[in-house]
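Undergrad: After the structure tokens below, expect a handful of questions from me.
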């Protein structure tokens, strides 16, 4: 298995493309609302429903959890959901001492009234046009979740981490690249990496959506490759400077391990570590790796051992 | 159905008989749409819309192998979560070459979310204060309707139908003696009142949230859940069953599921998860290949190479 092959072309105007999008979204006020959810709050955790504005005038939902016993300022963690999973309610992160935010980017439950391409659907939504591609707004929604955390008085803005698995893993890397204030990141079995190649290495969904699309529209291959090159996480990875850990399963049937090796190679961080798990598929050995994620972030943020 | 009064209130027999009769009375005429985008060189995909209990429209992805049938079939009743995929995530699309696959979106899930778009978390406690208002009454009805639809489809070899899923898979199978094999991983309705307090994870945390907010409603919730306990249905599962337990020592570990396995009259293999989607997947795929008579497992490429 190759550990160095990278098949993604980086467009010459990649940075310009994202700078233009950033300029658009930066001009939009966050206009957030934070409402306590008594039903979901527990003895040790306060839970809040958050909404904020993103590009295309779409409201984005998120769950925000705070430890009941807290002293300011809190380290924070942003959890990014997987492709088909519903956003988690991150109470357990708060039990570790974090201000924890779980974002529901457009199309996810509670953020789908204005945009809902479905699953399958999102990966190929307007895939021949980089400017209307479904993931354009989705990426921005995630980036603005960092802005939400940074805006909170109770959050120590020098200690914000991003984490996620699969799509959440890929977008944790993208977010760490686009928001340099992110101080640590963890990416499990990252998706959205070397996407066109990945679709040839697996016949499972969601990458199967690319195969489905190209079977029906074989003449669109160049356009598809062009669009995806602006969104491929491998093209963001060199911009990552924060400490980061990545884990992959060597029998992953969803996100081929070849693409996990590739994105790890591309990461610009000097403090990076790859965990490979033989005998593991897309769960990426979460039973042993999740405690490592907890420990990694708590160590980076100087939090006491629990 | 065989009553087992130690788990369920006496009224539940009538409750479930009524539900089965109501679903049996529903018209199986479906709106069928060719989903060309999901076709392959070896299978054709259809979107199937059925009218379920209360006139609710539910949806299923139906894939039929190209060529002359009938074919063995895999039925995926709805899982807990908003998204329904054409086949289970992580499994290979190539299974569609040998099997009819039918993946059901029950009320509240995507493609079946008008007028009711379920929230997650929230679905497990929607209407939970009474068995008659509990949303899972309709969901189980939807899943049973999906199975009925599959069992009369001309492309399906009705002697080779495998049902694969969570709690709804077991309950649905208990209503139909013709199912050839069941793969079930309990998640929601096994000793729920006893197990929910032992976890902080959703979906069972929904029960904890609800009882914390409504401590005076514990008896009502327990009563509703007793109607749905898998132990009620196990004596009516005739099909050979792969009971997919959690890892040893976990909430749904094999040591907890023995009572469920013993209640099933058919052949039951209790399989403890190995903390590996790959190892579990290979085991399940081998079991299905044997149970369905296909013989050879159809594995994703990544699962065809043994670990180093």
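Bear in mind that the values in this text are calculations on the coordinates, not laboratory data. Every value quoted in this text rests on a predicted model; they were computed, and no experiment measured them. Cβ: placed from backbone, ideal geometry, glycine included. Neighbour counts: every protein chain shown.
Undergrad: Looking at chain A as a GNM with Cα springs under 10 Å, which of A:13, A:141, A:44 has the largest mean-square fluctuation?
TA: Comparing A:13, A:141, A:44 in a Gaussian network model of chain A, the most mobile one is A:13.
Undergrad: Please compute the average number of Cβ atoms from other chains found within 10 Å of each residue's Cβ in peptide A:107-114.
TA: Average per residue, whole number: 3.
Undergrad: If you don't mind, another one. As a test of understanding, state the convex hull volume per residue of the range A:90-139 from its alpha carbons, in Å³.
TA: Numbers: hull volume 4.7 nm³, N = 50.
It is 93 Å³ per residue.
Undergrad: With label points built 7 Å along Cα→Cβ from the Cα atoms of residue A:38 and residue B:54, find their separation and express it in nm.
TA: Label at residue A:38, label at residue B:54, 2.6 nm between them.
Undergrad: Let me ask something else about it. Would you please give the FRET efficiency between residue B:220 and residue A:9, computed as 1/(1 + (r/R0)^6) with r the Cβ-Cβ distance and R0 = 56 Å, to the nearest 0.05? Present the calculation step by step, with values, prior to reporting the outcome.
TA: Working: r = 60 Å, r/R0 = 1.08.
My answer for the efficiency is 0.40.
Undergrad: On a 0 to 90° scale, report how tilted helix B:277-292 is relative to the longest principal axis of chain B, with both axes built from alpha carbons and the result rounded to the nearest 10.
TA: Roughly 70 degrees, rounded to the nearest 10.
Undergrad: Among B:252, B:233, B:116, whose mean-square fluctuation peaks in a Gaussian network model of chain B (Cα, cutoff 10 Å)?
TA: The residue that fluctuates most here is B:116.
Undergrad: In which sequence would B:132, B:229, A:37 go, from the one with the fewest C-beta neighbours within 10 Å to the one with the most? Each step should come with its number before you reach the end.
TA: Working: B:132 10, B:229 21, A:37 15.
Lowest to highest Cβ neighbour count: B:132, A:37, B:229.
Undergrad: Quick one: P(r) of the range A:91-216 from all Cα-Cα pairs, 5 Å bins, percents rounded to integers, in order of increasing distance.
TA: Answer for the range A:91-216: a P(r) of 2, 10, 17, 22, 19, 14, 8, 5, 2, 1, 0 percent.
Undergrad: When you count, for each residue, the other Cβ atoms within 10 Å and take the mean per peptide, how do A:240-246, A:185-191, B:98-104, B:245-251 rank with the highest first? Mind showing how you got there, number by number?
TA: Details: A:240-246: 22.7, A:185-191: 31.1, B:98-104: 25.7, B:245-251: 16.1.
Descending mean neighbour count gives A:185-191, B:98-104, A:240-246, B:245-251.
Undergrad: Mind pulling the angle between the C-alpha long axis of helix A:221-231 and the longest principal axis of chain A? Nearest 10 degrees, somewhere in 0 to 90.
TA: 20
Undergrad: Obtain the nm distance between the two label points defined at residue B:296 and residue A:287 by a simple spin-label model: each point lies 7 Å from its Cα along the Cα-to-C-beta direction.
TA: Calculated label separation equals 3.1 nm.
Undergrad: Just the C-alpha atoms of the range B:11-303: what Rg/Rh do they give, with Rh taken as the Kirkwood radius?
TA: The Rg/Rh ratio comes out at 0.95.
Undergrad: Over chain B, calculate the relative contact order: mean separation of alpha carbon pairs under 8 Å at least 6 apart, over the residue count, as a percent. Provide the component values of the computation, followed by the final result.
TA: Values: 594 pairs, mean separation 49.5, N = 308.
It rounds to 16 percent for chain B.
Undergrad: On the first, second and third principal axes, largest extent first, how far apart are the outermost C-alpha atoms of the range B:52-151 in Å?
TA: Result for the range B:52-151: principal-axis Cα extents of 48, 26, 19 Å.
Undergrad: Mind computing the radius of gyration and Dmax over the alpha-carbon atoms of the protein assembly as shown? Å is fine for both.
TA: For the protein assembly as shown, the Cα-based Rg and Dmax read 23.8, 71 Å.
Undergrad: Partner chain Cβ atoms within 10 Å, averaged over the residues of A:200-209 - can you pull that number for me?
TA: 5
Undergrad: Further question: Just to be sure I understand: with springs between alpha-carbon atoms less than 10 Å apart, which residue in A:18, A:63, A:93 has the highest mean-square fluctuation in the Gaussian network model of chain A?
TA: Comparing A:18, A:63, A:93 in a Gaussian network model of chain A, the most mobile one is A:18.
Undergrad: Separate question: Ordered by packing density, taken as the mean number of other Cβ atoms within 10 Å over each peptide's residues, highest first, how do A:104-117, B:9-22 rank? Working shown, then result.
TA: Values: A:104-117: 20.7, B:9-22: 14.6.
Averaged packing, sorted descending, gives the order A:104-117, B:9-22.
Undergrad: Right, next: Please compute the Kirkwood hydrodynamic radius over the range A:159-218, one decimal place, Å, based on all pairs of different Cα atoms.
TA: Values: mean 1/r = 0.0800 Å⁻¹.
Evaluated on the range A:159-218, it is 12.5 Å.
Undergrad: For chain A, what does the relative contact order come out to in percent, with C-alpha contacts under 8 Å and a separation of six or more?
TA: Rounded, it is 16 percent for chain A.
Undergrad: Measure nothing fancy, just the Cα-based angle from helix A:257-266's long axis to the longest principal axis of chain A, in degrees from 0 to 90, nearest 10.
TA: Helix A:257-266 sits at roughly 70 degrees to that axis.
Undergrad: What does the helix-only formula give at 222 nm for chain B: each DSSP H stretch with n ≥ 4 adding -39500 (n - 2.57), the total divided by the residues, and the result rounded to the nearest 500 deg cm²/dmol? Mind dumping the intermediate values first?
TA: Details: 9 runs with 93 residues, N = 308.
Roughly -9000 deg cm²/dmol at 222 nm, from the helical runs in chain B.
Undergrad: Treat each spin label as a single point 7 Å out from the Cα along the C-beta direction, and report the residue A:49 to residue A:215 distance in nm.
TA: For the pair residue A:49/residue A:215, the computed spacing is 4.0 nm.
Undergrad: Follow-up question, since we're still on this one. Give me the Debye-computed log₁₀ of I(q)/I(0) at q = 0.11, 0.13, 0.21, 0.23 Å⁻¹ for the range A:12-116, equal point scatterers on Cα only, no solvent, two decimals.
TA: Once normalised to I(0) and log-transformed, intensities are -0.40, -0.55, -1.11, -1.21.
Undergrad: So what's the back-of-envelope 222 nm ellipticity for chain A, counting only DSSP H runs of four-plus at -39500 (n - 2.57) apiece and dividing by all residues, rounded to 500? Write out the running numbers ahead of the final one.
TA: On the way: 10 runs with 104 residues, N = 306.
About -10000 deg cm²/dmol.
Undergrad: Hey, how much of the P(r) for chain A falls beyond 26 Å, as a percent of Cα pairs? The partial results should precede the final answer.
TA: Values: 19348 of 46665 pairs.
Every Cα pair in chain A considered, those over 26 Å come to 41 percent.
Undergrad: Rounded to the nearest 5, what is the percent of antiparallel bridges among the DSSP beta bridges in chain A? Provide the component values of the computation, followed by the final result.
TA: Values: 19 of 44 bridges.
Antiparallel bridges: around 45 percent, rounded to the nearest 5.
Undergrad: To continue, here is another question. Which whole number gives the average count of other chain Cβ atoms within 10 Å of the Cβ atoms across peptide A:88-98?
TA: Details: counts 4, 7, 0, 5, 3, 0, 0, 1, 0, 0, 0.
That average works out to 2.
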